[in-house]
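Just below is one structure, and these are the notes that go with it.
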Amino acid sequence: MCLQNKLAFKNINIQPVEAAWLTAGTSLDVLRLDEIHPIVSGNKWFKLKYYLDDAAQKGFTEITTFGGAYSNHIVAAAFACREQGFACNGIIRGEKPATPGETLKNAASYNMKLVFLSRDEFKKQRQSTVTNGNTYVIDEGGYGILGAKGAAEILQFAPEVQNYTHIISATGTGTMLAGLINASSPHQHVKGISVLKNNFSIEDEVKALVLNDVPHGSYNIVHDFHFGGYAKHPAELLEFMREAWSNYSLPTDIVYTAKTLYAVKEMIVNHTLPTGARILMIHSGGLQGNTSLKPGVLPF
Ligand SMILES: *Cc1c(COP(=O)(O)O)cnc(C)c1O
């Protein structure tokens with residue numbers, strides 16, 4: 001069964017953004033991976049693909065993976081496993097919430113078996129991430145070589161990808177960023193906007209997944225736009241999201257893509273990005289995470 005056919009891959013659009021802050025000659029296009037599927041959107045799915053192939057090839061029928069209660073990875077893994085016929089366990093960080101949010105509800109509705117572990121216990125189990133017995137283990141966020149291999153395919157959905165000088169995406173575990181770097185060309189520069197506060201270990205984590213034997217673009221990781229830390233969303237960020245929606249009809253999520261778009265704007269305004277840059281921003285999805293907000297906070 002081909003999951004790719006079940007998701008609207010042919011409908012991945014490139015959306016040009018015409019913003020007042022774009023300097024003359026500079027352009028910004030957004031690759032709308034969020035449109036793949038309302039829940040299983042964005043990069044997660046690209047990152048899972050080769051793990052599921054590997055698991056099937058090795059004869060596994062069950063997958064186990066890790067994540068938080070609002071994790072886009074958890075819900076994507078639940079869906080992908082169901083579609084590919086795997087049983088699936090989701091190990092969730094922290095005690096079981098009194099009222100589970102949309103993410104956990106959706107994951108459970110896709111037949112994921114949820115196991116809640118205290119933070120300490122979660123950490124211990126995650127660190128012993130070895131495929132044990134009957135279950136094929138995928139690390140939190142799909143971090144790893146096979147995750148990066150899948151993410152490298154994202155750029156195939158951008159027609160005329162060689163025309164871009166800069167490719168910019170959010171980065172959490174660094175898996176998608178490594179894939180984008182591996183798929184980039186030497187004349188391109190790839191920037192990852194880190195959404196975790198002072199997460200400098202990501203430098204080595206990305207390096208570990210970048211292929212040395214293929215020519216690729218230069219890259220760097222930007223640590224200035226985490227807005228206080230993972231999933232932190234101060235009023236200024238929410239206001240920026242409302243503006244992006246009303247000015248360019250671009251929906252963004254509080255954890256990843258709003259911070260990335262904000263970073264693009266700031267780096268254009270402060271000339272970190274050169275005049276004349278032709279920028280491709282990856283909208284990596286994640287809109288389901290906005291369901292953690294109170295209804296009505298965002299107009300989309
Ligand atoms: C998970 C996620 C990311 C981060 O991807 P990594 O490969 O972990 O760096 C970025 N954007 C969205 C919307 C995500 O859900």
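Okay, residues lined up against (1) in a helix (DSSP H, G or I); (2) touching a Pro at 6+ places or on another chain (Cβ under 9 Å); (3) closer than 27 Å to H226 by Cα:
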{"site": "P97", "(1), (2), (3)": "no, no, yes"}
{"site": "N111", "(1), (2), (3)": "no, no, no"}
{"site": "A148", "(1), (2), (3)": "yes, no, yes"}
{"site": "N182", "(1), (2), (3)": "yes, no, yes"}
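Residue-wise test of (1) polar (S, T, N, Q); (2) more than 13 Å from the ligand (Cβ to nearest atom).
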| site | (1), (2) |
| --- | --- |
| G141 | no, no |
| K149 | no, no |
| N163 | yes, yes |
| K197 | no, yes |
| S218 | yes, yes |
| A235 | no, yes |
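Among the residues that make up the range 125-143, is at least one of them open to solvent by less than 30 Å² (accessible area, probe 1.4 Å), within 20 Å of N72 (Cβ to Cβ) and among the small types (G, A, S)?
Yes - at least one qualifying residue is present in the range 125-143.
Here is a yes/no grid of residues against (1) surrounded by 24 or more Cβ atoms within 10 Å (Cβ to Cβ); (2) more than 18 Å from the chain's Cα centre (by Cα):
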| site | (1), (2) |
| --- | --- |
| E18 | no, yes |
| L33 | yes, no |
| V40 | yes, no |
| K44 | yes, no |
| K47 | yes, no |
| F60 | no, yes |
| A69 | no, no |
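Would you call I92 touching a residue at least 24 places away in the same chain (Cβ under 8 Å), in a strand (DSSP E or B) and within 16 Å of the ligand (Cβ to nearest atom)? Explain how you work it out, then say what you get.
Details: touching a residue at least 24 places away in the same chain (Cβ under 8 Å): yes; in a strand (DSSP E or B): yes; within 16 Å of the ligand (Cβ to nearest atom): yes.
Yes; evaluated as a whole, the condition is true for this residue.
For the range 54-78, name all the residues that are in a helix (DSSP H, G or I) and touching a helix residue (DSSP H, G or I) at 6+ places or on another chain (Cβ under 8 Å). Break it down stepwise before answering.
Taking the range 54-78 first, the residues in a helix (DSSP H, G or I) are 54-57, 72-78.
Of everything in the range 54-78, those that are in a helix (DSSP H, G or I) and touching a helix residue (DSSP H, G or I) at 6+ places or on another chain (Cβ under 8 Å) turn out to be D54, A56, N72, H73, I74, V75, A76, A77, A78.
When the residues of the range 165-188 are filtered to those that are open to solvent by less than 10 Å² (accessible area, probe 1.4 Å) and away from the ligand (no atom under 13 Å from the Cβ), which remaining residue is nearest to S71 (Cα to Cα)?
Looking at the filtered set, the residue picked out is I167.
Hey, among L298, L261, L280, which residue is touching a Leu at 6+ places or on another chain (Cβ under 9 Å) and part of a helix (DSSP H, G or I)?
Working: L298 fails: part of a helix (DSSP H, G or I); L280 fails: part of a helix (DSSP H, G or I).
From the options L298, L261, L280, the qualifying one is L261.
Does any residue of the range 221-235 turn out to be assigned to a helix (DSSP H, G or I), surrounded by 13 or more Cβ atoms within 10 Å (Cβ to Cβ) and at pLDDT 95 or above? Please lay out each step first, then the result.
In the first step, residues of the range 221-235 are kept if they are assigned to a helix (DSSP H, G or I); the result is 235.
Adding the requirement that they be surrounded by 13 or more Cβ atoms within 10 Å (Cβ to Cβ) leaves none.
No, the range 221-235 contains no residue that is assigned to a helix (DSSP H, G or I), surrounded by 13 or more Cβ atoms within 10 Å (Cβ to Cβ) and at pLDDT 95 or above.
The values are calculated or read from the model by the stated rules, or taken from the named source; none is laboratory data. Predicted model only: the values in this text are computed from it and were never measured. Positions of Cβ are generated from backbone atoms using ideal geometry, with glycine treated the same way; all protein chains shown enter the neighbour counts. Only protein heavy atoms, including side chains, enter the accessible area calculation; ligands, DNA and RNA are left aside. Shrake-Rupley method; radii C 1.70, N 1.55, O 1.52, S 1.80 Å.
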